[in-house]
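First comes the structure, then the notes that go with it.
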Amino acid sequence: MRHHKFRLVTASVVSAGALALGPALLSAQASTVVQTDIRVTVDAAYVKANGRAPTPGDAITACGANRRQQNEPSTAVDARSPSIVVAGSNDYCTVELAGGTWAGFYRSTNSGATWVDSLLPGYPTDTSPEGLASPLQQRGITNAGDPVQAWDLQGRLFYMGNAFNRVAPQNGSVWVATYDQDAAHYVRTVIVGKAGPALNGRFNDKTSIEVDRGVNSPHQGNVYAAWSLFQGINGNNSIQFVRSTDHGATFSQPAKISTGSKNVQFADIAVTSNGTVYVAYRQFESGRGHQEASIQYVVSTDGGATFSKPATAAEFEPFDAADSAGDPEAAEEAHEQAFENADGPESEAGEESVGDSRDCGSGPFACQSGFVFFRHDSQPRITADPKAANQNVYLVYDATIPGTEQASQTTYNTADPQGTTLRVGQGGIYFTALSGGGWSTPTLLAPTARGHQFFPDINADGGVLHTVWHDSRNDPAYSVQYPPGNNGAVRDAAGFAAATRGLDTYAASSTNGGTSWALARLSGASQMPNYEMFGDRRVPFHGDYNYVSSVGAFAYNTWTDTRQVAPGDDPRYAGGEGFDVLQCRTQDATGTWSADTCPNAGGLDQDIYGAATTG
């Protein structure tokens with residue numbers, strides 16, 4: 001199962017042991033009330049927007065039947081009718097017939113108990129009036145994703161993401177779609193940001209959206225959107241911001257709000273009850289020490305028309321997965337091919353990575369450590385309660401826990417290096433709040449002696465805070481030396497680590513502003529392995545985030561889940577470590593392997609799962 005033309009660095013056994021946790025919040029032992037977690041992306045026929053029937057050749061006819069991947073979920077609970085819940089994802093069901101991924105749109109009318117799945121109009125082959133009118137289709141765009149969602153108080157849903165072509169002309173765009181009638185009716189899609197006509201290094205990514213629902217806000221109903229604009233020069237990226245004052249019909253011109261920093265990503269938006277707008281984002285540490293790894297934020301008190309200069313909410317040590325490819329040139333080429341074939345994201349290493357790979361797998365994706373893992377980077381999420389008398393703001397982010405760092409025993413690393421020494425450490429979710437006295441000292445939200453935590457999200461409404469994240473505390477082989485889902489103490493003849501089912505989704509709620517939390521395990525007993533189902537079944541990808549939305553005590557949580565994936569054996573590589581998925585290949589007389597001839601048999605069945613919680 002493994003291509004092993006690379007230099008292997010063998011890890012020794014590391015005891016999980018008890019780890020120093022640093023300052024921590026006391027977590028309540030009682031769990032929140034949880035509905036059984038279910039699939040949001042079900043194996044059933046998708047419906048078209050506004051009740052349209054698909055025509056022959058419509059890519060949507062394959063959706064729900066071909067069991068392709070979905071990842072990077074969003075969700076939003078209707079502020080005026082909380083039984084209405086929507087979700088979205090990067091949906092790969094369109095790859096088979098349209099050649100690209102698209103933004104999936106999913107709706108529930110019974111608090112997430114059952115779902116009807118659809119797609120944002122405008123994908124290639126969509127000949128409906130809504131599809132033909134979409135500016136995405138009119139620009140010849142073939143891929144859409146990075147979906148995020150937010151409601152106003154009148155049953156309008158605003159659905160945002162980015163869109164692009166995987167080859168020139170790129171036509172990269174940021175879009176916001178509007179649904180009304182509690183998301184039963186699609187209205188329009190508006191392009192709010194463009195990145196140029198060609199693959200010229202300008203790319204929009206990492207989207208965020210929020211609506212002013214403040215009970216005392218003079219700007220109630222304003223729609224705010226932010227994203228990262230990558231400029232092509234390493235680290236020369238910025239946070240862009242737009243607003244709409246007419247319910248998403250038009251938007252302002254993009255404005256840069258991340259002044260003073262160059263390498264910034266992962267914007268997120270919060271609006272308080274009086275209409276104050278906060279945008280938080282990650283600032284990456286520069287190699288020359290000109291800026292520190294931190295959470296920056298800006299503030300607007302005039303409905304998003306102008307913003308303050310950036311200020312620091314917290315400094316932290318990142319928890320960013322990185323490694324060294326066995327063959328960097330082959331890895332780069334394989335990533336480019338996977339991206340162009342709608343078979344995975346671009347995954348080149350950035351300034352944040354110590355090494356040349358953010359993910360690792362088989363063949364050209366193999367890393368020197370022998371581990372298999374998907375990419376993850378520290379990122380913030382911010383929220384405010386639109387109904388609260390106070391104007392508090394709440395922030396979560398994942399970071400390396402101080403005191404847990406160790407020298408890495410392989411090329412795999414997650415923590416800041418010390419000189420030339422690579423280091424690893426335990427990843428944890430931190431919580432801090434902004435009140436009249438400034439930001440509180442960041443504290444661990446759900447401290448645990450074992451397990452990594454990442455991909456956090458938070459939402460506040462009606463006096464209750466809800467959070468969600470991925471957690472590997474139940475990984476039987478957990479060690480700070482290993483990525484989640486890897487047992488570095490068990491290696492095959494080529495030196496690859498064995499797979500474990502080591503990843504869960506956890507949630508927590510607080511009714512006292514984050515002083516204490518009630519925890520819940522959402523993913524049952526089905527921990528997720530790092531299946532290699534991208535890059536021609538040779539590297540994993542799990543998306544870049546989870547999502548939670550709430551109205552009062554009720555919350556709905558969504559995450560990427562691989563429990564439905566059919567495991568298998570990749571005949572191209574010797575071994576049996578447990579990361580491979582079901583695939584069908586034949587070998588000709590020259591030794592050349594065919595493409596997978598059974599891609600719809602379950603080996604790509606990555607899904608969005610969801611669960612309701614109450615605080």
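Here is how the numbers come out for the structure above:
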{"quantity": "Filtered residue count, the range 238-251, keeping only those that are open to solvent by 10 Å² or more (accessible area, probe 1.4 Å) and touching a residue at least 12 places away in the same chain (Cβ under 8 Å)", "calculated": "7"}
{"quantity": "Lone qualifier among Ser357, Ser408 - being more than 28 Å from Gln69 (Cβ to Cβ) and open to solvent by less than 30 Å² (accessible area, probe 1.4 Å)", "calculated": "Ser408"}
{"quantity": "Residue, surrounded by the fewest Cβ atoms within 10 Å (Cβ to Cβ), within the range 551-569, restricted to residues that are among the hydrophobic types (A, V, I, L, M, F, W, C) and closer than 30 Å to Thr597 by Cα", "calculated": "Ala566"}
{"quantity": "Residue within the range 576-587 that is modelled with pLDDT of 95 or more, among the β-branched types (Val, Ile, Thr) and in a strand (DSSP E or B) present", "calculated": "yes"}
{"quantity": "Residue identified as in a loop (DSSP other than H, G, I, E, B), in contact with a strand residue (DSSP E or B) (Cβ under 6 Å, 6 or more places away or on another chain) and hydrophobic (A, V, I, L, M, F, W, C) among Ala79, Ala113", "calculated": "Ala79"}
{"quantity": "Criterion (within 26 Å of Ala226 (Cβ to Cβ) and open to solvent by less than 10 Å² (accessible area, probe 1.4 Å)) met by exactly one of Thr414, Thr432", "calculated": "Thr432"}
{"quantity": "Residue satisfying all of: in the range 253-275; open to solvent by less than 20 Å² (accessible area, probe 1.4 Å) and in a loop (DSSP other than H, G, I, E, B); nearest to Asp320 (Cα to Cα) among these", "calculated": "Asn263"}
{"quantity": "Subset of the range 526-584 [polar (S, T, N, Q) and farther than 17 Å from Pro73 by Cβ]", "calculated": "Gln527, Asn530, Gln583"}
{"quantity": "Filter result for Asn459 (surrounded by fewer than 23 Cβ atoms within 10 Å (Cβ to Cβ), touching a Ser or Thr at 6+ places or on another chain (Cβ under 6 Å) and not in a loop (DSSP other than H, G, I, E, B))", "calculated": "no"}
{"quantity": "Conditions (1) of a type in the set (A, V, I, L, M, F, W, C); (2) farther than 30 Å from Ala389 by Cβ; (3) crowded, with 19+ Cβ neighbours inside 10 Å; number of the one not met by Ala449", "calculated": "(3)"}
{"quantity": "Selection within the range 276-309 - under 15 Å from Ala226 (Cα atoms) and outside any strand (DSSP E or B)", "calculated": "Gly303, Gly304, Ala305, Thr306, Phe307"}
{"quantity": "Pair list, Cβ < 6 Å and 6+ apart or interchain, from the range 467-480 residues that are farther than 30 Å from Ala384 by Cα to residues that are aliphatic (A, V, I, L, M)", "calculated": "Tyr478/Ala16; Ser479/Val14; Ser479/Ala16; Val480/Val424"}
{"quantity": "Qualifying residue in the range 207-222 (condition: touching a residue at least 24 places away in the same chain (Cβ under 8 Å), of a type in the set (Val, Ile, Thr), surrounded by fewer than 21 Cβ atoms within 10 Å (Cβ to Cβ) and farther than 19 Å from Ala342 by Cβ)", "calculated": "yes"}
{"quantity": "From Ser286, Ser324, Ser378, Ser308, residue being of a type in the set (S, T, N, Q), without any contact (Cβ under 8 Å) to a residue 24 or more places away in the chain and more than 26 Å from Ala595 (Cβ to Cβ)", "calculated": "Ser308"}
{"quantity": "Residues that are surrounded by fewer than 22 Cβ atoms within 10 Å (Cβ to Cβ) and either part of a loop (DSSP other than H, G, I, E, B) or of a type in the set (Asp, Glu) (or both), drawn from the range 82-99", "calculated": "Pro82, Ser83, Glu96, Gly99"}
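Let's see how each residue does on (1) farther than 21 Å from Gly543 by Cβ; (2) of a type outside the set (Phe, Trp, Tyr); (3) free of Cβ contacts under 8 Å to residues at least 60 places away in the same chain:
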| position | (1), (2), (3) |
| --- | --- |
| Leu132 | yes, yes, yes |
| Ile141 | no, yes, yes |
| Pro147 | no, yes, no |
| Arg156 | yes, yes, no |
| Gly161 | no, yes, no |
| Gln170 | yes, yes, yes |
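The values are calculated or read from the model by the stated rules, or taken from the named source; none is laboratory data. Note that the coordinates shown come from a computational prediction; the quantities given were computed from them, not determined experimentally. Please note: Cβ atoms are built from the backbone with ideal geometry, for glycine as well, and neighbour counts cover all protein chains shown. The area values use the complete protein model at the heavy-atom level, side chains included, leaving out ligands, DNA and RNA. Shrake-Rupley method; radii C 1.70, N 1.55, O 1.52, S 1.80 Å.
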